[in-house]
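Scroll down for the structure; my scribbles are underneath it.
The values are calculated or read from the model by the stated rules, or taken from the named source; none is laboratory data. Keep in mind it's a predicted model, so treat the numbers as computed, not measured. Neighbour counts are summed over all protein chains in view; Cβ atoms, including those assigned to glycine, are modelled from backbone coordinates with ideal geometry.
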Amino acid sequence: MNPADRPQAPLSFAVADPDPARATLTLRRTRAEPPREVPRDAWAYAGPRAIRLLPEGTRFEPGSIYEFRYPARDPAVFGLGYAATRDITAFLRRESADGAGRRSPLDGLRVQAVLAIGISQSGRYLRHHLDLGMNADEQDRRVFDGVLAHIGGAGRVFANERFAQPGRTSTWHEDHAFPENWFPLAHAATTDPISGRSAALLRAPATDPLVMEVNTSTEYWQKGASLIHTDPAGTRDLPEPAGVRHYLVTGTKHAGRMGATTAPGICANPNNPHSSGPLLRALLVALDAWATRGEAPPASRVPRIADGTLLPAEAALEAFPAIPGLLRPGFANPIAPVTDWVAGTRGPEGAWHPLVPAVDADGNEHAGVRLPDIAVPLGTYTGWNMYAAEGLRGEFCDREGSFAAFAADRTAREGAGDPRPSLAERYGSRDRYGEAVRRAAEALMRDRLMLPEDAAAFTAAAARVAGLPE
């Protein structure tokens, strides 16, 4: 067999000692199962940066959780990235030349404000940037004037440690024991029930940026997003700092984007095609106006404990409609600090209590920014999906979402046993549906949560929607 064709698993770092007795490989099908050790004669190193299973040609079981502990070498100093981000940004906005006399490419330009936008891992990176105090340069001046962190949840990045692995992201099934969440979780001051320490992400008013935190339903179910605007125990809403806004893109999955389809892939349910893009474009314009002209941005739109739109996962699931054929989760991903990532141990999982958005009779979320697809729905949109593979159907399917279309008419709905009103029962005609979409888009545009171009695009798309009579 050609060595390139051998099924191998790459290692994050090179092996320091190739003696198999110093390493351990374990396997489990689901997160809830106890790990079983793979016998040492059933695996081998495949060079300094990979392992393979034995006998030769044995493939790793798709979807199962393998954990390999081994002596490693040559860690990189990943944490330097935070200082590099700070220093290059500070140089470009304020200096005409560097120490060697080389001119800045921005020399002669007037910088009104510097904005940082991060999506997913880079959103968590920006939260970590604030936590490390890196928004103050070496002369104690502000680095970024405005920060928009999208789909970062309550997390940071596993980067500022020896043998760090910044690409890891903790979900229920994948990378569950890698560091991603630690106190403080919110921009406002809270007290940690685990350590007793009180702190906030923002703690230097002279250099703190204006902040927009934007998350989807997925981050509430899997990334502890509620913990950035509630206390860690999930018992009360936090007061919002003047320079912070929070937004939920209602009914959207983690990587919701333009062009997404309902193809399930490796998931059990049809996928969620809803895009966060229209809201992000509007918020970027608003952040620019906030940072450059002091124009207050749209008010926060997130679910709240006080009004009953933010609930424990069990309560939200109890209210979810019985949609035929749709697999649903049994819980939200617990959020806890990792006490020893090498050993895979976490702190108490009940101390930090993430909550999720409440849903209406269709299963769509009440609170947040309801873009027209959700405000005038053609089905139920969720931020969770489940794996389709045998033995994994109770596990979250990565960070995907689900979509369950409404039946076309009452006959089809009753034949399927679907409790949700059909398209014909809701809208009657394509014209009435299109008018409802137009009104929803215009309301969002008035609130500066949608740009005119996107409002026009939603209205045009509504005129072409299938499944409704003319």
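Taking ALA461 as the residue in question, decide whether it is among the small types (Gly, Ala, Ser), in contact with a Phe, Trp or Tyr (Cβ under 9 Å, 6 or more places away or on another chain) and not in a strand (DSSP E or B). Answer is no for this residue. Restricting ALA436, ALA408, ALA416 to those that are surrounded by fewer than 21 Cβ atoms within 10 Å (Cβ to Cβ), over 22 Å from ALA460 (Cα atoms) and in contact (Cβ under 8 Å) with a residue 24 or more places away in the chain reduces the list to ALA416. Among residues that are in the same structural domain as TRP221 (by TED's automatic domain parsing), at pLDDT 95 or above and hydrophobic (A, V, I, L, M, F, W, C), TRP341 is not included. Of ALA455, ALA462, all but one fail to be crowded, with 20+ Cβ neighbours inside 10 Å, within 23 Å of VAL214 (Cα to Cα) and of a type in the set (Gly, Ala, Ser); the exception is ALA455. So which of VAL147, VAL157, VAL77 ends up being under 27 Å from the mean Cα position of the chain (by Cα), of a type in the set (Val, Ile, Thr) and more than 30 Å from ALA16 (Cβ to Cβ)? After ruling out the rest, the residue left standing is VAL147. Just so you know, in the stretch 291-300 the residues that are surrounded by fewer than 17 Cβ atoms within 10 Å (Cβ to Cβ) and not in a loop (DSSP other than H, G, I, E, B) include one that is farthest from the chain's Cα centre (by Cα), and it is ARG293. Here is a check on your reading of the model: is HIS129 assigned by TED's automatic domain parsing to the domain that holds ASN181, within 28 Å of ALA189 (Cα to Cα) and more than 15 Å from the chain's Cα centre (by Cα)? The answer is yes for HIS129. When the residues of the stretch 247-265 are filtered to those that are in contact with a Gly (Cβ under 8 Å, 6 or more places away or on another chain) and at pLDDT 95 or above, the one that is nearest to PRO324 (Cα to Cα) is GLY251. Candidates are the residues of the stretch 27-71 that are aliphatic (A, V, I, L, M) and either under 17 Å from ASP175 (Cβ atoms) or in the same structural domain as THR171 (by TED's automatic domain parsing) (or both); the one that is surrounded by the fewest Cβ atoms within 10 Å (Cβ to Cβ) is ALA32. If you go through the stretch 201-233 and pick out every residue that is under 19 Å from ASP145 (Cβ atoms) and crowded, with 16+ Cβ neighbours inside 10 Å, you end up with 10. Within the stretch 105-131, residues that are charged (D, E, K, R) reach partners that are surrounded by fewer than 16 Cβ atoms within 10 Å (Cβ to Cβ) with beta carbons closer than 9 Å, at six or more positions or on different chains, in the pairs ASP107/GLU95; ASP107/SER96; ASP107/ALA97.
Being more than 12 Å from VAL214 (Cβ to Cβ) and touching a Pro at 6+ places or on another chain (Cβ under 8 Å) is the filter; apply it to the stretch 267-290 and report the residue that is surrounded by the fewest Cβ atoms within 10 Å (Cβ to Cβ). Ranking the qualifying residues of the stretch 267-290, first place goes to ALA289.
Table: residues versus (1) of a type in the set (Lys, Arg); (2) surrounded by 18 or more Cβ atoms within 10 Å (Cβ to Cβ); (3) in contact with a helix residue (DSSP H, G or I) (Cβ under 9 Å, 6 or more places away or on another chain); (4) more than 30 Å from TRP43 (Cβ to Cβ).
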site	(1), (2), (3), (4)
GLN112	no, no, yes, yes
ILE119	no, yes, yes, yes
SER122	no, no, no, yes
ASP131	no, yes, no, yes
GLU138	no, no, yes, yes
PHE144	no, yes, yes, yes
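The set of residues from the stretch 292-305 being among the small types (Gly, Ala, Ser), touching a Phe, Trp or Tyr at 6+ places or on another chain (Cβ under 9 Å) and in contact (Cβ under 8 Å) with a residue 40 or more places away in the chain comprises just one member, SER300.
Selection of the stretch 419-433 for residues being within 33 Å of the chain's Cα centre (by Cα) and either surrounded by fewer than 18 Cβ atoms within 10 Å (Cβ to Cβ) or hydrophobic (A, V, I, L, M, F, W, C) (or both) yields PRO419, PRO421, LEU423, ARG426. In the stretch 242-265, the residues that are on the phi > 0 side of the Ramachandran plot reach residues that are at pLDDT 95 or above and among the hydroxyl-bearing types (Ser, Thr, Tyr) with C-beta atoms within less than 9 angstrom, at least six apart or across chains, in these pairs: GLY251/THR216; GLY251/SER217; GLY251/THR380; GLY251/TYR381; GLY251/THR382; GLY259/SER275.
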